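For reference, the structure is listed below as structure tokens.
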């Protein structure tokens with residue numbers, strides 16, 4: 001299993017870079033800060049099961065940036081410089097290189113995310129809050145999945161672009177679309193349709209499903225559905241948390257699978 | 001067992017043909033020189049061997065493993081010095097060798113490997129600070145890890161000084177004596193001549209000759225080279241010589257030197273022809289045809 005060799009080597013190289021330290025530092029600082037503020041400003045009851053609803057908004061903005069910026073160059077920069085040739089003339093497949101890179105970069109993001117959430121969880125519990133462990137652990141798993149989604153998207157971008165610069169542009173495009181523009185565009189659509197008299201302030205179910213396909217909205221929905229006590233996702237079955245979870249998993253494997261399929265068939269020269 | 005077995009390998013980029021139905025067999029244990037001017041397709045062929053590039057048609061096997069469909073198995077027993085690589089940023093020389101050791105599941109001592117390629121003192125420096133020649137030594141070291149049965153080297157002496165190139169040849173010879181097959185490309189003829197059992201000459205994507213150096217010599221009509229110094233040349237002198245029976249090539253080198261490759265019997269005829277044309281021969285000597293002469297013969301150009 002040579003992907004482990006790739007992953008180990010990649011982690012040790014990536015962890016020492018200034019950008020990785022900075023990105024993970026910002027993420028951890030933000031999460032821990034929220035863990036500190038939540039018992040003071042959050043609505044009662046203060047528990048580790050209600051805390052996730054408090055942080056998802058920040059995470060849906062921050063994790064895309066951190067995940068993508070940590071992984072967009074994983075393959076593209078080696079391809080541009082030519083060092084990927086040194087890997088691939090060893091008995092290593094392209095699949096094991098990509099898998100190794102994904103494990104390394106996704107591992108960094110999820111480790112940073114889960115570690116800082118644990119710390120934040122401790123701040124929630126002490127001195128005011130209640131520990132509701134199963135739901136909090138469930139949230140950690142969902143957050144880790146969300147981190148993997150954005151790392152996988154970053155690696156997919158890295159495979160699709162032949163240079164580091166193009167990967168960065170493409171990556172920012174993806175983050176910008178889903179983490180910045182999406183919600184505003186959805187609001188504009190809703191207001192527009194309401195003003196035109198077509199709907200009554202609420203998007204119809206099918207359209208809600210469509211606009212709810214962004215990774216951030218899916219993450220919000222699974223958090224509400226699975227973690228937050230006494231809350232449930234409203235609407236027809238296809239807006240439910242299980243469907244959202246399945247689509248979220250699809251985000252983790254779909255784009256990367258497609259990009260890999262193309263990469264596998266392309267010439268490196 | 002055959003080390004490299006290529007069947008009608010072609011590669012087309014748009015309308016440009018980089019490789020044109022190359023058939024090539026490299027036997028286990030030999031040192032094979034892959035020769036040709038820059039842009040002839042040598043690197044494309046090696047890229048196909050390494051599965052960096054998929055051939056448009058044809059297939060190639062290394063020790064019976066198809067390089068495209070079973071690439072990992074094909075690369076299991078080989079060591080490679082590719083072209084167009086760069087070393088890993090942030091890794092030291094020693095870490096590069098360690099990576100190759102891990103990847104090949106070998107048990108070489110990285111320091112011994114670095115010592116063998118002559119960069120032991122630089123083991124703990126970042127490889128991105130290495131000169132081109134040191135990087136070339138480092139990657140050769142990575143190739144040597146795990147005692148490969150086949151070494152594939154693309155222009156191995158690039159960036160090396162004459163000393164380094166001689167060391168490279170010594171290592172290749174040692175590896176061959178250990179039993180490894182050596183396959184390397186070069187556009188520098190002296191290197192190929194010095195170490196190779198057989199050579200293949202690639203020209204515009206086509207393999208125009210595969211033979212031993214001795215065999216190539218013989219196919220050139222005995223391979224005698226005549227160097228004639230004259231006191232002055234007239235228009236048409238070269239054409240007259242080319243018309244003599246048994247002459248393979250005739251080229252001028254400056255105003256007063258003519259180099260002719262020809263059969264042994266044609267030597268006197270050439271001198272008689274020159275005399276008849278009123279050209280005074282100041283001096284002449286014969287040489288054994290070098291690989292360079294053969295190369296010109298086959299490709300019509302100097303390297």
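The values are calculated or read from the model by the stated rules, or taken from the named source; none is laboratory data. Just so we're clear, the structure is a prediction, and the values are computed from it rather than from any experiment. Note: ideal-geometry Cβ built from the backbone for every residue, glycine included; neighbour counts use all protein chains shown.
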Among the residues that make up segment A:128-149, is at least one of them over 20 Å from the mean Cα position of the chain (by Cα), farther than 18 Å from residue A:30 by Cα and within 14 Å of chain B (Cβ to nearest Cβ)? no
Quick check on my filter: what residues within segment A:103-127 are within 14 Å of another protein chain (Cβ to nearest Cβ) and either surrounded by fewer than 20 Cβ atoms within 10 Å (Cβ to Cβ) or not in a helix (DSSP H, G or I) (or both)? none
Can you name the number of the only condition in (1) in contact with a strand residue (DSSP E or B) (Cβ under 6 Å, 6 or more places away or on another chain); (2) more than 21 Å from residue B:52 (Cβ to Cβ) that residue B:188 fails? (1)
Taking segment B:53-78 as the region of interest, how many residues are touching a helix residue (DSSP H, G or I) at 6+ places or on another chain (Cβ under 9 Å), surrounded by fewer than 19 Cβ atoms within 10 Å (Cβ to Cβ) and within 11 Å of chain A (Cβ to nearest Cβ)? 4
Quick one: residue B:216 ticks every box in (1) surrounded by 14 or more Cβ atoms within 10 Å (Cβ to Cβ); (2) under 30 Å from residue B:23 (Cα atoms); (3) modelled with pLDDT of 85 or more bar one, so which box is it? (3)
Strands (runs of 3 or more DSSP E) within segment B:1-87 that include 3 or more residues within 22 Å of residue B:140 (Cα to Cα): B:31-35, B:78-81
Can you pull out every residue in segment B:120-141 that is within 12 Å of chain A (Cβ to nearest Cβ), touching a strand residue (DSSP E or B) at 6+ places or on another chain (Cβ under 7 Å) and closer than 22 Å to residue A:17 by Cα? B:126, B:127
For residues in segment A:35-60 being closer than 15 Å to residue A:132 by Cβ and free of Cβ contacts under 8 Å to residues at least 60 places away in the same chain, which is surrounded by the fewest Cβ atoms within 10 Å (Cβ to Cβ)? A:44
Of (1) in contact (Cβ under 8 Å) with a residue 12 or more places away in the chain; (2) touching a helix residue (DSSP H, G or I) at 6+ places or on another chain (Cβ under 8 Å); (3) more than 30 Å from residue A:80 (Cα to Cα), residue A:157 satisfies every one except (3)
Restricting to segment A:9-23, name every residue that is more than 10 Å from chain B (Cβ to nearest Cβ) and in a helix (DSSP H, G or I). A:11, A:18, A:19, A:20, A:21, A:22, A:23
Tally the residues that are farther than 14 Å from residue B:47 by Cα and within 11 Å of another protein chain (Cβ to nearest Cβ), restricting the search to segment A:74-87. 6
If you check residue A:31 against the conditions, is it within 14 Å of chain B (Cβ to nearest Cβ) and either on the phi > 0 side of the Ramachandran plot or assigned to a helix (DSSP H, G or I) (or both)? no
Please go through segment B:26-41 and give me each residue that is out of contact with any helix residue (DSSP H, G or I) (no Cβ under 6 Å at 6 or more places or on another chain) and surrounded by 14 or more Cβ atoms within 10 Å (Cβ to Cβ), ordered by number. B:26, B:27, B:28, B:29, B:30, B:32, B:37, B:40, B:41
Selection from segment B:28-51 of residues that are farther than 13 Å from residue A:90 by Cβ and facing chain A (nearest Cβ under 9 Å): B:43, B:44, B:47
Out of all the residues in segment A:173-198, which are surrounded by 16 or more Cβ atoms within 10 Å (Cβ to Cβ) and either more than 17 Å from residue A:149 (Cβ to Cβ) or modelled with pLDDT under 90 (or both)? A:179, A:183, A:186, A:190, A:193
Criterion (without any contact (Cβ under 8 Å) to a residue 60 or more places away in the chain, surrounded by 17 or more Cβ atoms within 10 Å (Cβ to Cβ) and away from chain A (no Cβ under 12 Å)) met by exactly one of B:117, B:101: B:117
Which residue, of B:226, B:138, B:172, is crowded, with 16+ Cβ neighbours inside 10 Å, in contact (Cβ under 8 Å) with a residue 60 or more places away in the chain and over 30 Å from residue B:277 (Cβ atoms)? B:172
Those residues that are at pLDDT 95 or above and not in a helix (DSSP H, G or I), I need them from segment B:94-107; list them, please. none
Out of segment B:79-94, which residues are within 8 Å of chain A (Cβ to nearest Cβ) and buried (at least 17 other Cβ atoms within 10 Å of the Cβ)? B:80, B:82, B:85, B:86, B:87, B:88, B:91
Is there a residue in segment B:163-181 that is within 14 Å of chain A (Cβ to nearest Cβ), farther than 30 Å from residue B:10 by Cα and in contact with a strand residue (DSSP E or B) (Cβ under 9 Å, 6 or more places away or on another chain)? no
Just checking, which of A:26, A:6 is assigned to a helix (DSSP H, G or I), away from every other protein chain (no Cβ under 14 Å) and touching a residue at least 24 places away in the same chain (Cβ under 8 Å)? A:26
